[in-house]
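Data first, discussion second: the structure below is written as structure tokens.
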Amino acid sequence: MAGLGVARAVGFVAPALLLVGVFLVFPALWTLYIGVTDYQLTGPAAAAPSAVGLDNFAAVLDDALFTNSLWLTALFVLGSAVVGQNALGFALAWLLRRVRPWLRRTTEGLVLLAWILPGPVVAYLWFAVLSRDGGTLGLLLDDPTTAWLVQYPMVSLVVFNVWRGTAFSMLLYTSALAAVPPSQLETARLVGANGWQAVRDVVFPHIRGHVLTNTLLISLWTANDFTPFLLTAGGPNHESEVLPVLIYRQALEGGRLGYASAMSSLLLVGNLVVALVYLRLLRRRA
Amino acid sequence: MRRPGRLIAELVTVVVAAVVAFPLYWMVLTALKPADEVISADPRPWTLAPTLDSFTRALTVQSFGRYFLNSLVVALVVVVLSLLMSFLAATALTRFRFRGRTTMLIMLLVVQMVPVEALTVPLFFMMRSVGDAVPLFGLNHLGSLVLVHLAFSMPFAIWMLRGFVAAVPVELEEAATLDGASRFRFVWQVLFPLVAPGLVATSVLAFIHAWNDFLFAKTFIISAAENQTLPLALQVFVKPDQNDWGAIMAGSTLMTIPVLVFFVLVQRRLVSGLAGAVKG
């Protein structure tokens, strides 16, 4: 069948590719272009933006807000994705294998539910749980004066994101663990290996590829996640202003489109580098 | 299996499930509580006088129903079109060999890494221009949201369906051809039904993606209140002095119901579908 019906194949792919090209690839390239202009949302530079070369990039890299944001994003990704979701997702997948079916399905369902619920809904939920004066957590701990989102904004965001995003890691590790030969685990048990030794020496070599895939995907999703805006809006005083929030605020609240696009470009390039490294690693394994 | 190990595993699982479930439980509880219990300084984790007052407020104030309908229309149109387009694309990319195929696949993988926020500014201008030509697909109209969500759901949908299409044996296709079935007939009458589980999982994700969106709704629908979608409607109840938590939680519960219905219908297939997509 190879080579047959090329015209039809192109006809099948064309609508999808056209959409992706027009509304994803083209705007991404446009972002790179706006990044080298002094484009503003309003004012004279909105009508006639002029090219400013790499000035925006120089200014961004020199901007304390950007450096701060970069650090917070790294913290957010490391704490909630690389460590939090990874560890909890694996632990759940590992535990759920030996749990009775109805309990497994219920837990899986709840964890998945936290993942698929509307962002604004979960943001309000957590806002209600964490706010001062009547926040649920404050009342449960009998400590109504702690405003969690204000006093510990990053910790709150990390905990929130682990709660929200663990489902994907759980699913992926569940399918990965299913591929580990039970006989090898049995052998490990017979020679007296404890749980941790079995995971390290028997399971981990089998699922190394899955760990790689999972860590990279959840890291990218977390780095690009906009939900923190709904919880803290970057505050207080920029203390939880991760990159997507900073970009959004610079662009639509500050009106500095050129400047914000330069930041977007940096985030975009960072993502692409990570994606390419990932493809390279995958290919080497295969 | 050693019994004590299993018992510990089950205990830990119950604790985790309870922690995950707690905010969800609190949402429904708050929505059902009478107003004075919601603002009470000593809230109880149950209520003895459940009431639908908050739901009534959420549904009557600020045309919540209209927003609900808007969200539903956008999400359903996106689901139908994205299923059709991603199925055709996945079939072509799996079953036909042509130049540029690998490049397309890699491109589809890479565009999934593009940060959404980075595109809001150019997309805003694009939609403004589109609106000058075809108002229905421009700013302040639901069409703009459909276009963007369709484009954003496409790469992952195609990747996911590819695995399902590839799992259908080529022999089946050859047999159909020998029996005189045309290529189109094979695709619609043999391939389409066999790929159905994958289509279900894909449709759920596309639905959730469109239904949950806050960023584009906030950016594109600026001045047309009648075309607002649900996530923004919830903001009505957030007030600087005193948030109406009862109504917020009732609105949130209502907003959750369609997702929940979709989810319950397909939970098993979603799990196997996602697992398959990641492996392949």
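Table for the structure above
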| item | result |
| --- | --- |
| Given (1) over 26 Å from A:V155 (Cβ atoms); (2) open to solvent by 20 Å² or more (accessible area, probe 1.4 Å), number of the condition A:S264 does not satisfy | (2) |
| Number of the condition not met by A:A179 [criteria: (1) at pLDDT below 85; (2) in contact with a His (Cβ under 8 Å, 6 or more places away or on another chain); (3) open to solvent by less than 40 Å² (accessible area, probe 1.4 Å)] | (3) |
| Residue in region B:141-148 that is aliphatic (A, V, I, L, M), at pLDDT below 85 and farther than 27 Å from A:L272 by Cα present | no |
| Evaluation of A:G270 against (1) under 20 Å from A:T213 (Cα atoms); (2) more than 10 Å from chain B (Cβ to nearest Cβ) (one fails), failing number | (2) |
| Complete set of residues in region B:18-35 that are closer than 25 Å to B:A233 by Cβ and part of a helix (DSSP H, G or I) | B:P23, B:L24, B:Y25, B:W26, B:M27, B:V28, B:L29, B:T30, B:A31, B:L32, B:A35 |
| Complete set of residues in region B:44-62 that are open to solvent by 60 Å² or more (accessible area, probe 1.4 Å), at pLDDT below 80 and either closer than 20 Å to B:K218 by Cα or among the β-branched types (V, I, T) (or both) | B:T60, B:Q62 |
| Residue satisfying all of: in region A:155-199; of a type in the set (G, A, S) and outside any helix (DSSP H, G or I); nearest to the other protein chains (Cβ to nearest Cβ) among these | A:A179 |
| Tally, over region B:207-237, of residues that are outside any helix (DSSP H, G or I) and open to solvent by less than 60 Å² (accessible area, probe 1.4 Å) | 6 |
| Subset of region B:98-136 (residues that are more than 10 Å from every other protein chain (Cβ to nearest Cβ) and surrounded by fewer than 17 Cβ atoms within 10 Å (Cβ to Cβ)) | B:T102, B:T103, B:L105, B:R128, B:S129, B:D132, B:A133, B:V134, B:P135, B:L136 |
| Residues of region A:18-56 that turn out to be open to solvent by 40 Å² or more (accessible area, probe 1.4 Å) and in a helix (DSSP H, G or I), as a count | 11 |
| Close pairs (8 angstrom Cβ cut-off, 6 or more residues apart or separate chains): over 22 Å from B:E117 (Cα atoms) and without any contact (Cβ under 8 Å) to a residue 40 or more places away in the chain in region A:268-285, surrounded by 11 or more Cβ atoms within 10 Å (Cβ to Cβ) and of a type in the set (V, I, T) anywhere | A:L279/B:I106 |
| Residue that is farthest from the chain's Cα centre (by Cα) [pool: residues in region B:159-194 that are outside any helix (DSSP H, G or I) and among the aliphatic types (A, V, I, L, M)] | B:A181 |
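This table checks each residue for (1) of a type in the set (A, V, I, L, M, F, W, C); (2) more than 30 Å from A:L171 (Cβ to Cβ); (3) surrounded by 23 or more Cβ atoms within 10 Å (Cβ to Cβ).
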residue: A:D225; (1), (2), (3): no, no, yes
residue: A:T232; (1), (2), (3): no, no, yes
residue: A:A251; (1), (2), (3): yes, yes, yes
residue: A:L276; (1), (2), (3): yes, no, no
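Residues are listed down the side, and each one gets a yes or a no for (1) open to solvent by less than 20 Å² (accessible area, probe 1.4 Å); (2) of a type in the set (A, V, I, L, M); (3) within 12 Å of chain A (Cβ to nearest Cβ):
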{"residue": "B:L147", "(1), (2), (3)": "no, yes, yes"}
{"residue": "B:A151", "(1), (2), (3)": "yes, yes, yes"}
{"residue": "B:V165", "(1), (2), (3)": "yes, yes, yes"}
{"residue": "B:E171", "(1), (2), (3)": "no, no, yes"}
{"residue": "B:R183", "(1), (2), (3)": "no, no, yes"}
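The values are calculated or read from the model by the stated rules, or taken from the named source; none is laboratory data. The structure displayed is predicted, hence computed values, not measured ones. Note: ideal-geometry Cβ built from the backbone for every residue, glycine included; neighbour counts use all protein chains shown. With ligands, DNA and RNA removed, areas are computed over all heavy atoms of the protein, side chains included. Shrake-Rupley method; radii C 1.70, N 1.55, O 1.52, S 1.80 Å.
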